[in-house]
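Encoded as structure tokens, the structure appears first; notes follow it.
The values are calculated or read from the model by the stated rules, or taken from the named source; none is laboratory data. Being a predicted model, the structure only gives us computed values, none of them experimental. Cβ placement follows ideal geometry from the backbone for every residue including glycine, while neighbour counts extend to all protein chains displayed. In case anyone asks, the SASA skips ligands and DNA or RNA and just uses the protein heavy atoms, side chains included. Shrake-Rupley method; radii C 1.70, N 1.55, O 1.52, S 1.80 Å.
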Amino acid sequence: ISIETSIETNDGRWFTVRIMPYRTLDDHIDGVVITFTDITSGKIAEDKLTESEMRFRTIFQESPMGIALIDSLTGQIYEVNSMFAKIAGRTMEEMVKINWMSITHPDDIQGDTDKMMLLNAGKIDGFRMEKRYLHQDGTAVWINMTIAPVKVEDKTHPRHLCMIEDITDRKLAEEALQKSKGSL
């Protein structure tokens, strides 16, 4: 039986230490062989990757904008931050069980679908649009949405980031202004 562990030296270098039995030709254990393999560069790279992933996760989760990772062909929502769920009027659990079409106002689906087709065909690099999401009680919330493709290794499952901000107050103010101009 061999034993393997990682150790850090006082000067910050990392080694894999492997201890194995030394066997004679007649298969008797006559000592041990200890090997040290310097893994410092790999450990540094691993630590930097972990730090980068933690930084990305914090940005994703704490963003003041709603952010979701979505399948570009099916519309299935893979991952979503809490702000996205709040704006869409759903729980986090509900969000990963639905697709974007199920929360989009029926009058806005075709425009969104047309732009997604252009994105999937490689004719555009992303797009922005204003549209409405419907809360479960039927209340419409206006959003400003930005779509950006995400590079994936499996080209049969393209994905995109959907970033949204609630612009309902602005749209209501614009509507009120238009009504006041019409009544003059």
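At-a-glance table
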| quantity | calculated |
| --- | --- |
| Residue-averaged [θ]222 nm for the chain, counting only DSSP H segments that reach four residues, each worth -39500 (n - 2.57) | -11000 deg cm²/dmol |
| Estimated vicinal HN-Hα couplings, Hz - region 76-92 in sequence order (Karplus 6.51, -1.76, 1.60; Gly, Pro = x) | 4, 8, 8, 8, 8, 8, 5, 5, 4, 4, 4, 4, 6, x, 10, 7, 4 |
| For the chain, built as a Gaussian network whose Cα springs stay under 10 Å, the top-fluctuating residue of 135, 157, 28 | 28 |
| Sites residue 69 and residue 173 - FRET efficiency at Förster radius 45 Å, r taken between beta-carbons, to 0.05 | 0.90 |
| Debye-sum result for the chain in log10 I(q)/I(0), which assumes one identical scatterer on each alpha carbon, at q = 0.11, 0.13, 0.17 Å⁻¹ | -0.66, -0.78, -1.08 |
| Helix runs (DSSP H) in the chain reaching 30 Å along axis by Cα, Kyte-Doolittle at least -1.0 | 40-62 |
| ³J(HN,Hα), Karplus 6.51/-1.76/1.60, whole Hz, each residue of region 2-7, x for Gly, Pro | 9, 10, 9, 8, 10, 9 |
| Antiparallel content of DSSP bridges confined to the chain, in %, to 5 | 100 percent |
| Calculated FRET value between residue 135 and residue 44, using beta carbons and R₀ = 41 Å, to 0.05 | 0.30 |
| Alpha-carbon Rg/Rh ratio, for region 1-90, with Rh computed the Kirkwood way | 1.36 |
| Per-residue HN-Hα couplings for region 143-150 [Karplus 6.51, -1.76, 1.60; θ = phi - 60°; Hz; x = Gly/Pro] | 10, 9, 10, 10, 10, 9, x, 10 |
| Accessible area of the chain belonging to carbon and sulfur atoms, whole % at 1.4 Å probe | 57 percent |
| Residue-normalised accessible area of region 28-184, given per residue in Å² at a 1.4 Å probe | 64 Å² |
| Cα centroid separation, region 78-125 to region 1-72 (Å) | 39 Å |
| Cα-Cα over 24 Å, subset of 123/171; 123/151; 86/151; 131/179; 115/155 | 123/171; 86/151 |
| Total charge dipole magnitude, region 1-127, about the Cα centre, Cβ charges on Lys, Arg, Asp, Glu only, Debye to nearest 20 | 240 debye |
